[in-house]
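The values are calculated or read from the model by the stated rules, or taken from the named source; none is laboratory data. Remember, it's a predicted structure, so these values are computed and weren't measured experimentally. Neighbour counts run over all protein chains shown; Cβ positions are idealised from the backbone, glycine included. Remember, those area values only see protein heavy atoms, side chains included, never the ligands or the DNA or RNA. Shrake-Rupley method; radii C 1.70, N 1.55, O 1.52, S 1.80 Å.
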Amino acid sequence: MSREKIIVIDFGGQYNQLVARRVRECNVYCEIYSYKTELEKIREINPKGIILTGGPNSCYEEGAAACDCSLFEMGIPVLGLCYGAQLMMHVLGGHVCKAPVREYGRIEVAVDSSSPLFGNVEENTICWMSHNDYIEQAAPGFEIIAHTSDCPVAAVQWKERQLYGIQFHPEVLHTIEGTKMLSNFVYQVCGCAGDWKMDAFVENTINSIRKTVGNGKVLCALSGGVDSSVAAVMLSKAVGDQLTCVFVDHGLLRKNEGDEVEEVFGPNGPYDLHFIRVNAQERFYRKLKGIEEPEQKRKIIGEEFIRVFEEEAKKIGAVDFLVQGTIYPDVVESGLGGESAVIKSHHNVGGLPDFVDFKEILEPLRDLFKDEVRRAGLELGIPHKLVYRQPFPGPGLGIRIVGEVTAEKVRMVQEADAIYREEIARAGLDKSIGQYFAALTNMRSVGVMGDERTYDYAVALRAVSTVDFMTAEVAQIPWEVLGRVANRIVNEVQNVSRVLYDVTGKPPATIEFE
């Protein structure tokens, strides 16, 4: 679909998705591309503006991620963030070197509010710094528009050429007025109109699906999670009874979840969907036997899903299209967008086998972040309760069991997770925590129960507060609640003798364990 677009050029920064998401919050569409993208490709995209991300390199070192100086001569506004700002200065004749004092964390920055970038920003504002290098001297033609006590060049501009550089990270929530700065860039500098609206996206996508599918038959991979549920309802509105939804119970769901999914989407549910449930627990357990490596588990689960869908498609007859609830973070984290390392292969993206026996895979939500998927769900009339349910990964408990997956381990984590969720709800915390679950570690430890020695497993509890699921902070659950959960788990779940609470944020950890 034709729309105005800002592109993010990724130099390996950990916040690349966050940059794109913040721009979209300004109602401007944004996509991520690798720094290796050819200039001709960028010209074809015809973006309204370009944002250069942070990155782990020193721009002056041999082999560091770089860009052609022609990027800054295309007449397209450019904003460099952290490494992106340093690289801009380095390429255009400034001087970047090791900083005498490393800045990390929340820092007060003095800004020139007359700059288009800092319009309506407080003259002294709190920003998030994370750099070992700094801009010692700005490139010719640039003026300094921000500084800190240890960083004399915290931001620069060449207003006439619409080139801007910021040493800090406006995309993270720790930068108090960061979204305002990015909004200034896309509206005041790039001249965007802000045409990225969810109602228009839903309508345009439904029309596009109808055109693509024609009279073909469609099979939707329905897990019951937010993403696949929104995709299923969208396809139903687009093609009606040409759609069949196949729910594969792979034995890695939460306790009773298979029945709950069938209750919502099955023949007695509120949606008029042709629904098929496939109970494939033993099949998946056999495939996962002896497998411990997380990426391998994800790929096995992803391939086996596809094989089940292919088999069901043959029973239906002449199915042309497979629909998946792939979303944008799945694509980026699987290493298929930008330049960041593969974090984890999502079962429906990086976990797909080389050969898939469908004419085409449809991914109507592939361009969306999680919060945008939820907004699309509300536009489609899906109840708030379903749209805002807890995220659950496609590989399910397979990536919440560290090490080999067995039916017995699944039972342990299902029971522990059910207790945890029950106590969180009883304490009234279920609405305030972004995501929470129990995982089974592969650690066994000595304990004592009933005056006898035990040697059983440890369960880890995870709970995070997050807005976007790309960064997260540990939820501070009251000790008395954790105590009740731990006491119930070790008393009620056989073969578990220890309970741990994960206090690691994202980053450096991911929300899931594998």
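The table that follows gives values for the structure above.
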| read-out | value |
| --- | --- |
| Cα→Cβ-extended label distance, 7 Å offset, between Val474 and His274, nm | 5.1 |
| Long-range HN-HN contacts of Val96 with modeled amide H, under 5 Å | Glu136 |
| Rounded to whole Hz, the Karplus (6.51, -1.76, 1.60) HN-Hα couplings of the range 386-400, x for glycine and proline | 6, 5, 9, 5, 4, x, 9, x, x, x, x, 5, x, 10, 10 |
| With eigenvalues of the C-alpha gyration tensor scaled by 5 and rooted, the range 457-501, Å | 24, 12, 7 |
| Residues with amide H under 5 Å from that of Phe168, placed H, sequence gap 5 or more | Cys82 |
| 26 Å Cα-Cα threshold exceeded, pairs from Lys297/Lys409; Lys5/Lys385; Lys255/Lys385; Lys48/Lys98; Lys197/Lys370; Lys48/Lys159 | Lys5/Lys385; Lys48/Lys98 |
| For the chain, with +1 on Lys and Arg beta carbons and -1 on Asp and Glu, the positive-most of Leu81, Gly12, Val230 along the dipole | Val230 |
| Long-range HN-HN contacts of Gly447 with modeled amide H, under 5 Å | Thr454, Tyr455, Asp456 |
| Set of aspartates and glutamates near Lys36 by C-alpha distance (under 13 Å), chain-local residues within fewer than 8 positions excluded | Asp10, Asp68, Glu339 |
| Over the range 1-145, volume per residue of the alpha carbon convex hull, in Å³ | 124 |
| With 5 Å bins from 0: P(r) over the range 402-462, alpha-carbon pairs, percent | 4, 16, 22, 20, 18, 12, 7, 2, 0 |
| Structure-based [θ]222 nm, the chain - -39500 (n - 2.57) summed over DSSP H runs of at least 4, per residue, nearest 500 | -9000 deg cm²/dmol |
| Unit charges at the beta carbon, dipole of the chain: most positive-side option, Leu386, Gly505, Tyr187 | Leu386 |
| Three-way shape call for the range 175-305 based on the alpha-carbon gyration tensor, with the a/c threshold at 1.5 | oblate |
| Where only C-alpha atoms are counted, convex hull volume of the chain per residue in Å³ | 168 |
| For the range 371-439: accessible area per residue (Å², 1.4 Å) | 36 |
